[in-house]
1. Taking only pairs six or more apart or across chains, which ones have beta-carbon atoms under 8 Å, a first residue in region 66-84 that is assigned to a helix (DSSP H, G or I), and a second residue that is modelled with pLDDT under 95 and of a type outside the set (Gly, Ala, Ser)?
2. Considering only residues of region 8-28 that are part of a loop (DSSP other than H, G, I, E, B) and open to solvent by 40 Å² or more (accessible area, probe 1.4 Å), which is farthest from the ligand (Cβ to nearest atom)?
3. Taking region 121-141, which residues are more than 15 Å from the ligand (Cβ to nearest atom) and of a type in the set (D, E, K, R)?
4. Being more than 17 Å from Ile142 (Cβ to Cβ) and either open to solvent by 10 Å² or more (accessible area, probe 1.4 Å) or more than 11 Å from the ligand (Cβ to nearest atom) (or both) is the filter here, so list the residues in region 82-99 that pass it.
5. Of the conditions (1) open to solvent by less than 30 Å² (accessible area, probe 1.4 Å); (2) over 17 Å from the mean Cα position of the chain (by Cα); (3) more than 11 Å from the ligand (Cβ to nearest atom); (4) in contact (Cβ under 8 Å) with a residue 40 or more places away in the chain, Val3 fails just one. Which one is it?
6. Among the residues of region 119-133, how many are within 12 Å of Ser78 (Cβ to Cβ), among the β-branched types (Val, Ile, Thr) and open to solvent by less than 40 Å² (accessible area, probe 1.4 Å)?
7. In this structure, does Val70 turn out to be closer than 22 Å to Met1 by Cβ and within 11 Å of the ligand (Cβ to nearest atom)?
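The values are calculated or read from the model by the stated rules, or taken from the named source; none is laboratory data. Model, not experiment: these values are computed from the prediction. Reconstructed Cβ throughout: ideal geometry from the backbone, glycine too, with neighbour counts over all protein chains shown. Protein only, heavy atoms only, side chains kept; ligands, DNA and RNA dropped before computing areas. Shrake-Rupley method; radii C 1.70, N 1.55, O 1.52, S 1.80 Å.
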Amino acid sequence: MKVLVLSGANLGRLGLREPAVYGSRSYADLVTVCQKLAGELGLAADCRQTDDEATMLRWLHEAADLGVPVVLNPGAWSHYSYALRDAAAQVTGPLVEVHLSQTHAREEFRHHSVISAVATGTITGLGFDSYLLALRTIAARIHDASAPADPPHPADQAPA
Ligand code: DQA
């Protein structure tokens, strides 16, 4: 099962960008760890990064059309892009919003995400682990959805 791992504006500059906030590892390092864990979980992680909002919208439309789950770090778009929110709302597979930094401990404008209300869940502040936990929860949900339903518990059956 394919998973789209989408990173937005400025995330291609990981390692160079404010290392005290985002760490010293690069975007290429992030892709490596995501693909390694995804492989172990039986997922194929298609990792993409763009600084172009229209491109990100197209990728979300693709996920919606194909029913593909998404790990999404919208970067600064989290805080103001209603267009991205409307695109994320169309994704029917799980969509987990992630942030590397603890946005709630930073500037006031980072405390609110317009994406969160349409995300299945949000993982914030755990560095690369935010992405890795998102992949784990997506794998668990896919596994649960494909597992045969449990037989009814005897206590739930009507007496004969
Ligand atoms: C970020 C947090 C955003 O506030 C910021 O604009 C980013 C990265 C994060 O991963 O911590 O670009 O999404």
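1. Going by the 8 Å Cβ cut-off, the qualifying pairs are His79/Phe109.
2. Residues of region 8-28 that are part of a loop (DSSP other than H, G, I, E, B), as a first pass: 8-10, 14-18, 23-26.
Right, trim to open to solvent by 40 Å² or more (accessible area, probe 1.4 Å) and you get 10, 16-18, 24-25.
Numbers: Asn10: 5, Leu16: 13, Arg17: 8, Glu18: 9, Ser24: 15, Arg25: 13 Å.
The extreme case among them is Ser24.
3. Listed by number, the residues that qualify are Arg136, Arg141.
4. Initial filter on region 82-99 (more than 17 Å from Ile142 (Cβ to Cβ)): 82-90, 97-99.
Once the filter is applied, which keeps residues that are more than 17 Å from Ile142 (Cβ to Cβ) and either open to solvent by 10 Å² or more (accessible area, probe 1.4 Å) or more than 11 Å from the ligand (Cβ to nearest atom) (or both), region 82-99 yields Tyr82, Ala83, Leu84, Arg85, Asp86, Ala87, Ala88, Ala89, Gln90, His99.
5. Evaluating Val3 over (1) open to solvent by less than 30 Å² (accessible area, probe 1.4 Å); (2) over 17 Å from the mean Cα position of the chain (by Cα); (3) more than 11 Å from the ligand (Cβ to nearest atom); (4) in contact (Cβ under 8 Å) with a residue 40 or more places away in the chain leaves (2) as the failure.
6. So the first thing to find is which residues in region 119-133 are within 12 Å of Ser78 (Cβ to Cβ), and the list is 119, 122, 124.
Checking which are among the β-branched types (Val, Ile, Thr) leaves us with 122, 124.
Retained after the next criterion (residues that are open to solvent by less than 40 Å² (accessible area, probe 1.4 Å)): 124.
Result for region 119-133: 1.
7. On the way: closer than 22 Å to Met1 by Cβ: yes; within 11 Å of the ligand (Cβ to nearest atom): no.
Here the answer is no, as Val70 does not meet what is asked.
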